[in-house]
Each structure stands twice: as structure tokens, then as C-alpha cells.
Amino acid sequence: MLSLGSYFTHQALKESVYQSYDLPPSLSSPRLFISLIMLSTHPANFRARLFFDLFSAFVVPSVVLRLLLRLLDVQFGRLSLAAYGIFILAWAISKGAYTSFKHQRIAEQFGAKTIPCVVGRWPGNIDILLRMMRSFKTSYILDTYLQLFEEYQCTTLNLRILWADNIITMDQEHINFILSTGFKNFWRGRAQKERMETLLGEGIFNRDDDVWKMVGLHHNLNFISAFILIFSEQHRITARPFFARDRFTDFEIFEHYSSRTLSHLDQIASLGEACEAQDLFSRFALDAASEFLFGENLDTLSASLPRPYKTPMGPKGSATQDTWGEFANAFDEAQMNITKRARIGYLWPLLELFRDRNRRHAKVIGEWLDPLVQRALEEKRSLKANGGGESAESPVSDKTFLQHLADSTDNPTIIRDQLLSMLLASRDTTACVLTFVTYLMAMHPDIAARMRAEVLTNCGQHSMPTSDQIHKLTYIRAVIDETLRLFPPVPLNVRESRPSACLLPPSDPSYPYSPTQEQSKNQPLFMPASTTVTYLPLLTHRNKALWGEDADEFRPERWLESETKVKCNANMGMFSPFSHGPRICIGKNYAYNEMTFFLVRLLQRFDRFELATDCQPEGSLPPSEWKERRGRQRIEKIWPAAALTLFVKGGLWIKFHKAETHDN
């Protein structure tokens with residue numbers, strides 16, 4: 001029997017389901033129907049969700065027209081197909097118009113205004129969708145969205161593709177609201193979880209807490225999902241100290257894998273060849289992360305490296321033909337496919353009705369991770385059987401992350417998905433930042449020289465840096481922060497509003513208000529319920545209204561100015577490379593330590609970095625038309641792209657030049 005609180009939760013959920021599918025409350029057998037719908041909304045059941053969406057879009061209006069024709073005794077004969085098509089289109093347009101009218105009325109009641117809408121020439125803004133799809137292929141990263149913001153002179157827009165609300169924002173106030181002050185109004189949402197389910201599954205980056213706990217506990221449809229989310233939140237709380245503090249063992253790991261990475265660079269530099277830095281840094285980050293998380297090394301640094309002019313281009317960088325190459329290819333292809341799904345929109349399952357394109361990639365990844373998970377669970381059972389007690393009682397600092405997970409659950413799927421989420425974050429964040437720092441050092445040799453001077457002054461030419469020394473490297477930290485500003489590892493992200501609508505705070509003053517807008521400039525914006533919102537940190541980080549006219553320039557010195565720190569602390573949405581609010585990255589300090597440590601060891605040994613654009617694979621260099629446009633694309637020598645995380649298309653080919661003083 002449900003408690004009073006549970007009853008109201010149940011009723012609210014049922015009403016939200018009815019509203020989402022426009023169902024009358026008098027529908028017979030509501031519990032059965034609700035159960036079917038709830039099952040269809042589980043991320044793994046994207047085909048069932050598509051069925052319900054298509055049923056609502058095509059079958060319902062067709063049945064209504066059929067009933068009307070019978071009632072009026074009208075027949076269209078050969079024109080029946082056209083009549084039904086026109087009626088379905090009119091139904092969609094009318095439904096969209098009614099939704100817009102309803103939102104306008106609600107917004108007025110709360111003293112708010114609706115989010116400005118993009119207006120295309122074709123019904124459902126299909127022309128806007130096609131224009132964006134074409135632009136994505138050759139445009140600079142997120143420039144397609146920036147052009148829309150500039151066209152409509154605002155920082156938050158409703159694309160209204162196929163009459164459905166779809167919000168994009170680069171507004172610092174709105175990003176701060178989504179991530180922090182209005183966090184309770186948003187979740188990852190069904191659409192994003194569907195796209196990522198096969199890859200990340202029950203991982204912490206693909207689940208929400210309150211809603212899924214409610215679904216599992218109050219409806220008994222998916223109890224395991226409830227457990228997973230309770231586990232995920234508790235895991236996040238207990239694991240935070242594990243990632244947050246400086247630990248000597250972390251620095252030992254950094255030293256070991258930095259040395260292995262630099263030995264590769266020494267060998268390549270001695271041959272006078274270019275190195276594919278993005279690939280090498282990915283291996284460094286993955287091997288260090290696997291040691292940190294699992295207590296054992298995936299040993300990707302021992303696999304064959306890309307060779308200039310010979311290695312083909314992979315999904316995100318270079319593609320080597322070995323077991324590591326298979327893993328990396330699966331990892332990257334799955335991310336690319338998730339990005340393609342997002343661009344296609346909620347109809348993407350139509351292209352994967354009979355084959356989930358990420359299934360085989362997930363299988364390859366599982367072949368690498370599953371043996372590690374099974375071994376951890378076996379060790380746990382063996383310890384318990386031999387009277388060793390529960391290792392869960394051991395302090396976090398005495399365990400690896402894998403042991404910490406194994407102590408929390410016996411479910412191998414949960415453990416594997418959590419590990420994969422952490423591997424993704426560990427590898428792609430560190431590798432991305434190191435790649436773009438190296439690129440920018442090659443573009444700005446004066447900055448590289450100043451970085452090296454600071455390293456030699458504080459850490460010497462050969463010594464392993466300590467935690468105290470790393471914290472004194474203020475210019476290195478400034479370079480990392482400036483790189484994170486211009487090239488955040490997650491350049492865009494997605495959330496979805498909860499089943500209840502909310503109000504976004506007034507927009508930031510990035511664009512000047514016209515006289516007609518002056519009276520409404522301090523009005524909040526109406527955020528519709530259950531609506532996807534894509535926020536774009538990369539555009540916010542380069543917004544000249546926030547960062548000044550030199551926002552597109554690489555100028556680390558801005559982070560040594562007190563004004564920058566004051567502004568960022570006062571406007572948390574202005575700079576959010578690690579997110580913020582309740583879901584701030586728990587590995588932030590670990591990442592800063594790892595990146596700084598590696599840069600110290602790199603600059604102790606090398607003093608000059610030279611772009612080798614002649615080694616870039618065909619199709620990976622910036623298109624010539626970029627030079628005629630505004631912003632960084634005019635000067636960019638590489639092609640930044642994104643698939644969940646930022647990367648350099650075709651990899652980053654660099655010649656590393658050894659410092660003479662290192663040999664003396």
C-alpha cells in the first residue's frame with residue numbers, strides 16, 4: 001500500500017504521462033497503459049519510444065480523420081492518401097501552434113516571456129535543420145549555432161525543429177541556472193540517455209537520481225534502475241575524497257607513465273620525425289587512468305604508434321591496426337555515432353530499427369573491461385570465503401577505484417559501466433587539454449619559453465615535481481585554464497527540463513537591447529516542460545561581451561589578473577570546463593595535477609614544438625573558406641571537432657625538439 005507521499009508522487013507521475021501523450025484521464029486500463037509507456041521510456045527501449053511517438057504523430061490524426069469522414073459521410077477516393085497526408089501535416093502544425101499559444105499564456109501569467117524562436121521558410125523549420133546538417137560537415141566547431149545567435153541577437157534560442165521545442169543557449173546566466181541554481185529543474189533526460197545507453201549504460205554520466213528512483217520504487221517496473229541511481233549518488237559522495245586530494249601514489253603513477261611517454265618522444269625526436277601527439281597523450285591518460293582506477297595497466301603505450309604519412313585517419317584521430325587500435329576505434333566510433341544521433345534528432349531510431357550501431361563497439365570495449373571486473377569480484381568473494389572480512393570497511397585511500405566499486409555491488413554490469421564512464425572522462429579530458437596546450441605552444445613559442453622558464457625555476461631540469469612545487473606554477477596553471485577556456489573538453493552538453501515548466505533568469509547582456517526590448521530586458525524566460533536544452537560552454541568561453549575584445553586570442557596572462565578571477569567567481573556560468581553545481585567533476589583536482597605534472601616533465605626535456613601539417617591526413621586540415629571568416633577559425637591550423645568531447649580531426653602531428661640543457 002502506498003504512503004500518502006508516495007501516492008501523490010504516483011499521481012504526479014501519472015498526470016505527467018497523460019500530458020506527455022495527450023491522453024484523456026478517462027482512458028480505460030490506465031495502469032496497463034502507463035506501464036507500457038514507462039517501459040518505453042527506459043533508455044534501452046528506444047524502438048518502443050519511437051513507436052509511441054509515431055503512433056501519436058501519424059495513427060492518432062489518421063483515426064480522427066477517419067472518424068470525421070464517416071460522421072460526415074465524405075469520401076476522397078483516389079485523393080485519400082493526399083488528404084490523409086495533408087491532415088497529418090495540419091494536425092502537427094495546429095498542435096505546434098496550440099503549444100506555442102499555451103506557452104505564451106503561461107509565460108504572461110508569470111510575468112515572463114517565451115524564448116525567441118528561429119523562423120524558417122519551410123514548415124517545421126525543416127530548412128533550418130537541413131542548413132544545419134550541411135553546415136556541420138565543414139563549419140568550425142559550434143559556428144553553426146553562433147551564426148543563429150548573431151542573426152537573432154540573443155543568447156538563448158528555440159530551434160522549433162519539426163514543431164518541437166529544442167533550446168540552445170550560450171547564456172552564462174542560463175547555464176549557471178541549469179547546472180547550479182536551478183539544478184532541480186533539469187535532468188539528463190530520456191533523449192540523451194537513449195543515445196548513450198549502449199555505450200555508457202548504467203554509468204554515472206548516463207543516469208539521474210530522483211526520477212529513476214521514483215520510477216523503480218513506486219511502480220516496481222525497474223527496481224534495478226532505482227538501486228543503480230541510489231548507488232550512483234552514494235558512490236559520488238563517498239568517492240569524492242578518493243579523487244579530490246593530492247596523493248603521493250597518484251604522483252608515482254604520473255611519473256611512471258610520463259617517463260614511458262617521454263621515452264617514445266625521445267626516440268621519435270632522435271629520428272627527426274613528427275609524432276601524433278593526440279594519440280600518444282590518449283595512451284598516457286588511459287594507462288595512467290587504468291592504473292589509478294584498476295590497479296593494473298592497460299598497457300596501450302606498448303602498442304604500435306601512428307607513423308607519419310602511413311597511418312590512416314580514424315574516427316577522431318589516427319587509426320592503428322592492432323588490438324589497441326580496435327579498442328580505441330570502438331571507443332571513438334561509439335562517441336561519433338552518439339553525436340550523429342543527436343544531430344538527426346529524436347527520429348534517429350528509424351535508422352537503427354534492426355541494428356543498434358553501437359552494439360558491436362560496446363562488445364569490443366566489454367572484452368577489455370569484463371575480465372578486470374570479474375577478477376575484482378572473484379578476489380572479493382575469495383577474501384570473504386577465507387575469512388578476510390569485508391574490504392568495504394577499509395578506507396578509500398587503501399583501495400583502487402575498482403575495488404571500491406566491487407565492495408559496493410556484485411553486479412558486473414554496474415561496475416563495468418561506472419568504470420567506462422570514468423575511463424572516458426579520464427582519457428578524453430586529459431588528452432584533450434594536453435593536445436591543445438601542445439598545439440598552442442607550437443603556435444606561440446614565446447609562451448612555451450615562459451612556461452619552461454617557470455618549470456626550471458621551480459622544479460629544476462631533472463627532478464620529479466612535488467605537489468607543493470606544482471601549486472607554485474601559476475603560469476602553467478594560467479596556460480591550462482586559458483586552454484580550457486578556448487578548447488573546453490566538453491564544448492557542448494545536453495539537459496532536459498523536468499515534467500514541470502520553470503523560469504530561466506533574465507538573459508545576460510551579451511547583445512544590446514533595442515528600444516522595443518528595453519522594457520522586457522529584465523524579464524525571465526519561460527522554459528517549457530520536458531524540453532531538451534543544449535548549452536554551449538565553448539561559445540560562452542569565447543563571448544566578447546564577457547571576456548573582452550580579445551576573447552578569441554590565446555592570452556594566459558588574463559588568468560594572472562585579479563579581475564578575471566573576480567568575474568568568474570561572481571558569474572559561475574562564465575567559465576565551466578568541469579561543470580559546476582551538484583554534478584561538478586569529482587576528478588577536477590586529479591586532472592589538474594596530472595596535466596601539470598606531465599607538462600613539467602615535458603618542458604624539462606623539450607623546449608620547442610613545431611606543427612607538422614604536412615603529416616595531417618587528407619581531409620583533416622581546415623577548409624580554405626575558414627580564412628575569410630571571423631574568430632579563431634581565421635588563424636586555426638588544425639580542425640577542432642567534437643564527439644562527446646573535443647578532439648583534433650586527423651590527430652595532432654608535432655615535431656618535438658629536445659632542449660640542449662637537458663643533455664648537459
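Here residue 221 clears all of (1) outside any helix (DSSP H, G or I); (2) modelled with pLDDT of 55 or more; (3) more than 30 Å from residue 332 (Cβ to Cβ); (4) not aromatic (Phe, Trp, Tyr) except the condition numbered (2).
Among residues that are closer than 22 Å to residue 501 by Cα and in a helix (DSSP H, G or I), residue 98 is included. Of the residues making up region 556-595, just one is of a type in the set (Lys, Arg), under 23 Å from residue 438 (Cβ atoms) and modelled with pLDDT under 95, namely 588.
Confirm whether residue 97 is surrounded by 11 or more Cβ atoms within 10 Å (Cβ to Cβ), within 30 Å of residue 522 (Cα to Cα) and free of Cβ contacts under 8 Å to residues at least 12 places away in the same chain. Against the criterion (surrounded by 11 or more Cβ atoms within 10 Å (Cβ to Cβ), within 30 Å of residue 522 (Cα to Cα) and free of Cβ contacts under 8 Å to residues at least 12 places away in the same chain), residue 97 qualifies. Taking first residues from region 37-54 that are within 21 Å of residue 205 (Cα to Cα) and modelled with pLDDT of 85 or more and partners that are open to solvent by less than 40 Å² (accessible area, probe 1.4 Å) and of a type in the set (Asp, Glu), the Cβ contacts under 9 Å between residues at least 6 apart in sequence or on separate chains come to 45/194; 46/194; 46/197; 46/352; 46/356.
Across region 132-166, the qualifying residues are those that are polar (S, T, N, Q) and assigned to a loop (DSSP other than H, G, I, E, B), and the one among them that is farthest from residue 641 (Cα to Cα) is 153. Kindly indicate whether residue 70 is at pLDDT 90 or above, charged (D, E, K, R), open to solvent by 40 Å² or more (accessible area, probe 1.4 Å) and more than 29 Å from residue 356 (Cα to Cα). The answer is yes for residue 70.
Based on this model, can you work out whether residue 538 counts as open to solvent by less than 60 Å² (accessible area, probe 1.4 Å), modelled with pLDDT of 95 or more, in contact with a strand residue (DSSP E or B) (Cβ under 9 Å, 6 or more places away or on another chain) and in a helix (DSSP H, G or I)? Judged against the criteria, residue 538 is a match. Can you confirm whether region 614-621 contains a residue that is open to solvent by less than 50 Å² (accessible area, probe 1.4 Å), in a loop (DSSP other than H, G, I, E, B), modelled with pLDDT of 90 or more and among the acidic types (Asp, Glu)? No. In this structure, residue 485 does not qualify as open to solvent by 50 Å² or more (accessible area, probe 1.4 Å), touching a His at 6+ places or on another chain (Cβ under 9 Å) and either part of a helix (DSSP H, G or I) or not acidic (Asp, Glu) (or both). Checking each residue in region 101-131 for being aliphatic (A, V, I, L, M), assigned to a helix (DSSP H, G or I) and touching a residue at least 24 places away in the same chain (Cβ under 8 Å) picks out 106, 107, 126, 128, 129. Within region 331-363, being over 23 Å from residue 136 (Cβ atoms) and either out of contact with any helix residue (DSSP H, G or I) (no Cβ under 8 Å at 6 or more places or on another chain) or in a helix (DSSP H, G or I) (or both) holds for 354, 355, 359, 360, 362, 363. Do we find a residue being surrounded by 17 or more Cβ atoms within 10 Å (Cβ to Cβ), of a type in the set (Ser, Thr, Tyr) and either out of contact with any Asp or Glu (no Cβ under 6 Å at 6 or more places or on another chain) or modelled with pLDDT of 95 or more (or both) anywhere in region 130-137? No; the residues of region 130-137 include none that is surrounded by 17 or more Cβ atoms within 10 Å (Cβ to Cβ), of a type in the set (Ser, Thr, Tyr) and either out of contact with any Asp or Glu (no Cβ under 6 Å at 6 or more places or on another chain) or modelled with pLDDT of 95 or more (or both). Scanning region 568-582 for residues that are of a type in the set (Ser, Thr, Tyr) and surrounded by fewer than 21 Cβ atoms within 10 Å (Cβ to Cβ) turns up just one, 579.
Rundown of residues vs (1) open to solvent by 60 Å² or more (accessible area, probe 1.4 Å); (2) aromatic (Phe, Trp, Tyr), yes/no style:
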| residue | (1), (2) |
| --- | --- |
| 554 | no, yes |
| 566 | yes, no |
| 584 | no, no |
| 587 | no, no |
| 591 | no, no |
| 594 | no, no |
| 605 | no, no |
| 610 | yes, no |
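Checking each residue in region 273-304 for being within 19 Å of residue 442 (Cβ to Cβ) and not charged (D, E, K, R) picks out 274, 275, 277, 278, 280, 281, 282, 284.
The values are calculated or read from the model by the stated rules, or taken from the named source; none is laboratory data. On a predicted model such as this, the values are computed, not experimentally measured, just so you know. Cβ sites come from the backbone with ideal geometry, for glycine too, and all protein chains shown count toward neighbours. Note: areas computed on protein heavy atoms with side chains; ligands, DNA, RNA excluded. Shrake-Rupley method; radii C 1.70, N 1.55, O 1.52, S 1.80 Å.
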